[in-house]
1. What's the total number of residues in region A:68-89 that are among the charged types (D, E, K, R), outside any loop (DSSP other than H, G, I, E, B) and more than 7 Å from chain B (Cβ to nearest Cβ)?
2. Can you give me the number of residues within region A:1-33 that are more than 10 Å from every other protein chain (Cβ to nearest Cβ), assigned to a loop (DSSP other than H, G, I, E, B) and at pLDDT 70 or above?
3. So in region B:279-291, with the set limited to residues that are part of a strand (DSSP E or B) and open to solvent by less than 30 Å² (accessible area, probe 1.4 Å), which one is nearest to ligand 1 (Cβ to nearest atom)?
4. Are any residues in region A:78-110 within 20 Å of A:A185 (Cβ to Cβ) and small (G, A, S), and if so, which ones?
5. Which of (1) under 30 Å from A:E192 (Cα atoms); (2) open to solvent by less than 20 Å² (accessible area, probe 1.4 Å) does A:W147 not meet, given it meets every other one?
6. Out of (1) within 14 Å of chain B (Cβ to nearest Cβ); (2) in contact with a Lys or Arg (Cβ under 9 Å, 6 or more places away or on another chain); (3) of a type in the set (V, I, T), what's the single condition that is false for A:T123?
7. So, B:K29, is that one within 14 Å of chain A (Cβ to nearest Cβ), of a type in the set (K, R) and either surrounded by fewer than 20 Cβ atoms within 10 Å (Cβ to Cβ) or touching a residue at least 40 places away in the same chain (Cβ under 8 Å) (or both) or not?
8. Please identify the pairs in which a residue from region B:191-209 that is closer than 14 Å to B:V300 by Cβ has its Cβ atom under 6 Å from the Cβ atom of a residue that is in a loop (DSSP other than H, G, I, E, B), counting only partners at least 6 apart or on another chain.
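The values are calculated or read from the model by the stated rules, or taken from the named source; none is laboratory data. Quick caveat: nothing in here was measured; it's all calculated off a predicted structure. Here the Cβ is made from the backbone with ideal geometry for all residues, glycine too, and neighbour counts use every protein chain on show. Ligands, DNA and RNA are stripped out before the accessible areas are found, and what is left, the full protein with its side chains, is counted by its heavy atoms. Shrake-Rupley method; radii C 1.70, N 1.55, O 1.52, S 1.80 Å.
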Amino acid sequence: ASEGSEAQTTDSDEIVTPVSQKCPKADSEKMCIEIVSLAFYPEAEVMCDENVEQVYVEYRFYDLPLSETETPVSLRKPRAGEEIYFHFSKVIDLDPVEQKERRQFLFTMLIGEDPEQGHLKFTVVSDPIEEEKKECQEVGYAYLELWPMLVSGRDILEQDLDIVGPEDQATPIGKLKVSLQAAAALQAIYKEMTEDLCS
Amino acid sequence: MGEPDKMVPDSGAVFTFGKTKFAENMPSKFWFKRDIPISLSCGDEHTAITTGNNKLFMFGSNNWGQLGLGSKSTVNKPTCVKALKPEKVKFVACGRNHTLILTGGGQVYATGGNNEGQLGLGDTDERSAFHLISFFTSQHKIKQLSAGSNTSAALTEDGELFMWGDNSEGQIGLQNITNICVPHQVTIGKPISWISCGYYHSAFVTTEGELYTFGEPESGKLGLPPKLLVNHKVPQLVPGISEKVIQVACGGGHTVVLTEKAVYTFGLGQFGQLGLGTFTFETSEPKVIESIKDKKISHVCCGENHTALITESGLLYTFGDGRHGKLGLGMENFTNQFVPTLCSSFLKYIVHLVACGGCHMLVFATPRLGMAEDIESDE
Ligand SMILES: [Mg+2]
Ligand SMILES: [Mg+2]
């Protein structure tokens, strides 16, 4: 909030509360993505891969640099039956005026017929501890479909997504828990963009 | 926080973070006219403040009557408990859903949830107004109160400890009963100097500087070797801390210990609340937080899944579960912190008090006059 516009008001005899003049952004003008936690299945190959010691998770969003959409830390690879917790949440500004292109990007994702288009893709990356020795390696992917959210109008709260490996996209190797608050924004974007198309 | 910090008076402000119910859960602040905070305490979803003028202010969730305002409706700004005005309120301790206060006359009052007798009133009926615990008189000279999930504790100047409420895990140090509705003395034959009630475990420090833990034995939060866990219902000495212990703070599944030389943590650290880095998510062996070894820590505090440390120079470090912004590290973008992280927004302040709850944190700080840069480079 821009606290520069704060005005000092008194709302009781004893307490002084500086009131922020800035209104909280409407739900239709932002989205929030949270990478909650990650687990691998005990039988997954990655569990016995000694090269994978710690992992982080990233996704891509239009103009945002990866440094803002990857978990700020790598965590020790989860043990069998263990979940590791990032609780990495990011609010993405979808202001109808200032962030028109992000709204357009989301609309393209929603209507895309290419199956690669209609989802947010999360990548689980192995982060070698001794950086000189090895390179970061992608160990799996998880996909979050946006269309069901548009249809239902409901945000996603701590949903488990299958993680699949780079080679075998059919056998899940673990699960990635994510939350996405975007239903209001997606519905608003879909409505305004389809109205534009028809007019 | 920037420019408008100028508005914070020299007498300081209380800063709110996370799900406080205040200011629509946005990071915010407030201060008192002609009064200052003396003690802060957070329950799971409620907050209490006592002031220099011996008033008690409360806000937050109130489903159990834990605000003591005579109703059960949520209160979203600090509200004075007028019923206590004839008494001088000295300090306050919030449990998960109940509240204890000490008055200047040495009396203890309780309000809120009481399903395990944690109000100490001889029954298990909840109260929405403060009631006197008749057990305590001015002779007890109480110096500290603590409250956990359905547990309560009072510590006297003479080093006598009294506890009451839930004992399902032995967290009030009784062997064979599930709960007790009146205070009982917990003794190991030595005077006690500090008490902390966690959610389902408890810990105290003796005047000699030894640490004792008891209660729920899971996930290492008692800091005891496995062979001692069978006796988890009685206070046991935690080995493995060589120097003198000064303070202890118990959270939901973790324990934080301040000694003369270091900060030790043990228990659950899956969200980073142990501050031991990204490879230690649980330990039953007390471990030193190496990354702050060169800092002089003066106070430790635990929420359910997060931890806050104040340094002697008045800086604040937080770590653990970052959800809802309760670590005070940002406005919208949150993440768990696995090592103590400096709250840079308080570099221009001296932090005096911190309290951590279930999903929130409160800080009392006064503007630092000059020399902020020196402190920053020191740290
Ligand atoms: Mg978080
Ligand atoms: Mg929490």
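1. 2
2. Here the count works out to 2.
3. Among those residues, the one meeting the criterion is B:T283.
4. A:S89
5. Checking A:W147 against (1) under 30 Å from A:E192 (Cα atoms); (2) open to solvent by less than 20 Å² (accessible area, probe 1.4 Å), the one that fails is (2).
6. For A:T123, the failing item is (1).
7. Taking the combined requirement at face value, the residue does not satisfy it.
8. From region B:191-209, the pairs are B:G198/B:G148; B:G198/B:G251.
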